[in-house]
1. List the residue pairs whose Cβ atoms are under 7 Å apart, where the first residue sits in region 46-60 and is more than 15 Å from Glu115 (Cβ to Cβ), the second is of a type in the set (Phe, Trp, Tyr), and the two are 6 or more positions apart or on different chains.
2. Among residues belonging to region 34-63 that are acidic (Asp, Glu) and surrounded by fewer than 13 Cβ atoms within 10 Å (Cβ to Cβ), point out the one that is nearest to Glu83 (Cα to Cα).
3. Of the residues that sit in region 6-26 and are crowded, with 16+ Cβ neighbours inside 10 Å and in contact with a helix residue (DSSP H, G or I) (Cβ under 8 Å, 6 or more places away or on another chain), which one is farthest from Lys101 (Cα to Cα)?
4. Collect the residues in region 53-89 that are modelled with pLDDT under 95 and hydroxyl-bearing (Ser, Thr, Tyr), keeping them in residue-number order.
5. For the condition of a type in the set (Asp, Glu) and assigned to a strand (DSSP E or B), what is the one hit in Glu83, Glu91?
6. Every residue in region 1-60 that is in a loop (DSSP other than H, G, I, E, B) and hydroxyl-bearing (Ser, Thr, Tyr), please.
Amino acid sequence: MDKSIIDFINEHHLLTLATSKNNVPYCCNVFYVYSQKQNSFIFSSDTKTKHATDFIENPKVAGSIALETKAVGKIQGVQLLGEIVELKGEELKVAKKQYLKAYPYARLMEIQLWEMKLIFVKMTHNKLGFGKKLVWER
C-alpha cells in the first residue's frame, strides 16, 4: 500500500463504518487503530449495537476517513472495503494492547474488539494534484 495512504490512516482515528443487513444500509463512527502488519483496522463495538448486529450477519462492510476542509487543494480521504472478523486468542491480546495504548480510557470499559480486514482502499489526495487517486487492492 502506498505510504501516503498509510500515513493518512495513521494521522486519523475516526472511521465511518457502513454496514448492510437485509439490503438496508446503516453507518456509524468508530475509533480505530490501524494494524499495518495485518493491514486492518481494530475497533471496539458492543454486539448489541445496530452496526454490530449488521456486520455479524453480513461481514462485508465499507468505510471512509476524511480530512474535513473547505480548501479544495487540501482535500484528502480514503474509501474502504473490508470484512469484519471477531478477534480471539493471541490476535485479541495483540490488538487489545494496541487499542488500549491509543485509547487508555477504554481500560475502564468492557470492550469487544473487531478487525476490519482491508480488501480495497482508494485515496483522494488533492495535495498531489487535483483529483489524484491512489488505489490499493488485496
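1. These pairs meet every condition: Lys50/Tyr26; Asp54/Tyr26.
2. Among those that are acidic (Asp, Glu) and surrounded by fewer than 13 Cβ atoms within 10 Å (Cβ to Cβ), it is Glu57.
3. Once the filter is applied, the top-ranked residue is Ser20.
4. Passing the criteria: only Thr69.
5. Criteria check complete, one pass: Glu83.
6. Ser45, Thr47, Thr49
The values are calculated or read from the model by the stated rules, or taken from the named source; none is laboratory data. Note that the coordinates shown come from a computational prediction; the quantities given were computed from them, not determined experimentally. Here the Cβ is made from the backbone with ideal geometry for all residues, glycine too, and neighbour counts use every protein chain on show.
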